[in-house]
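Every number in this text was worked out from the coordinates using simple rules, so none of it is lab data. Since this is a predicted model, take the numbers as computed values, not measurements. Don't worry about glycine lacking a Cβ; one is built from the backbone with ideal geometry, like all the others, and counts go over all protein chains shown.
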Amino acid sequence: MNTLERLLKIKEQRGAGYLVLIDPDKIQDDTLPLFVREATEAGVDGFLVGGSLMLTTEFEHSLQTIKNNTSVPVVIFPGSLFQVSPLADAILFLILISGRNPEHLIGNQVLAAPMIRKMGLEAISTGYMLIGSGKTTSAEFMSNTKPIPANKPDIALAHALAAETIGMKLLYLDSGSGADTPVSDQMIGAIAHHCALPMIIGGGIRTPEVARKKIEAGASFVVTGTVTEENNHKSVLKNFADAVHSASFVNRPS
């Protein structure tokens, strides 16, 4: 069973999945093993590893540490070509479909694909959409692209349908690290009712109640990063995991 199949099985069995984003620049190396173990015990379904910037040189060391302390999938969420490693279970092969910068539509992908193939690293084709959150995020600035306006679910849906038609495996809607507001329930619902691709939602999800609402609106997975960097107690992680796993969306297209 490959990593994508594992993630989809988690979604099938638990109704939805809870992922935690680890940015190696934002967590101290000596606290990482305990955090990963406690997160796994709390019910986290997988870890995403990466960031828009990578100031540390310890990316692979962080990946190895995470792998050594968990049994759940560890997936690279790359912010650049420097964030590729065979130590992970898989990499989200991101296509920034919300933007029109060719570097992030095909340029970086052409450079990364031979490395990924040579490593034997599982690549999960993912339609990545930046969604406006009221302020400029690191991902928006670094990618030199405009986000989809938060109040335009029809535009987001059109992009999602394009990703599905092309043959991508996942959607990732991201308000960005530290976003003031998450992707709206209206936008998530518009996509979920017309597009069968599993949908990951990240950015601005700061409470278990908000995480639950994203699943009820139609998300398959929710991601937290900033909130768990700031308050990484095991009880907080468990509250998020319980909220995600107890929510459901029953009107997803077959």
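Can you tally the net charge around Met129? Count Lys and Arg as +1, Asp and Glu as -1, for every other residue whose Cβ sits under 14 Å from the Cβ of Met129. Charge balance in the 14 Å sphere: -1. Taking every DSSP beta bridge that has both ends in the chain, the antiparallel portion is near 0%. Full extension of the segment from Thr181 to Met1, taken as 0.36 nm per residue of separation minus the current Cα-Cα distance, would add 61.2 nm. Of all aspartates and glutamates in the structure, the ones whose alpha carbon falls short of 18 Å from that of Lys135, not counting any fewer than 8 places away in one chain, are Asp174, Asp180. Residues considered: Pro73, Pro114, Pro198. Largest GNM mean-square fluctuation over the chain, using C-alpha springs under 10 Å, is found at Pro114.
Between His194 and Ile166, the contour length at 0.36 nm per residue exceeds the Cα-Cα span by 8.5 nm. Electrostatic tally near Leu87: other residues with Cβ closer than 14 Å to its Cβ, Lys and Arg +1, Asp and Glu -1, net -3. Checking (1) 22.1, 78; (2) 16.5, 45; (3) 18.2, 61 against the coordinates, the calculated Rg and Dmax of the Cα atoms in Å falls under label (2). Separation of the range 127-153 and the range 180-203, taken as the distance between their Cα centroids, equals 14 angstrom.
Can you list the lysines whose alpha carbon sits under 29 Å from that of Lys238, skipping same-chain ones fewer than 8 residues off? Reachable lysines: Lys9, Lys11, Lys26, Lys67, Lys169, Lys213, Lys214. Relative to the current alpha-carbon distance between Glu216 and Asn144, full extension at 0.36 nm per residue lengthens the span by 22.7 nm. Only Lys, Arg, Asp and Glu carry charge here, each on its Cβ (+1 for the first two, -1 for the last two); on that basis the chain has a dipole of about 540 debye about its Cα centre. Counting Lys and Arg as +1 and Asp and Glu as -1 over every other residue whose Cβ lies under 12 Å from the Cβ of Lys146, the net charge comes to +1.
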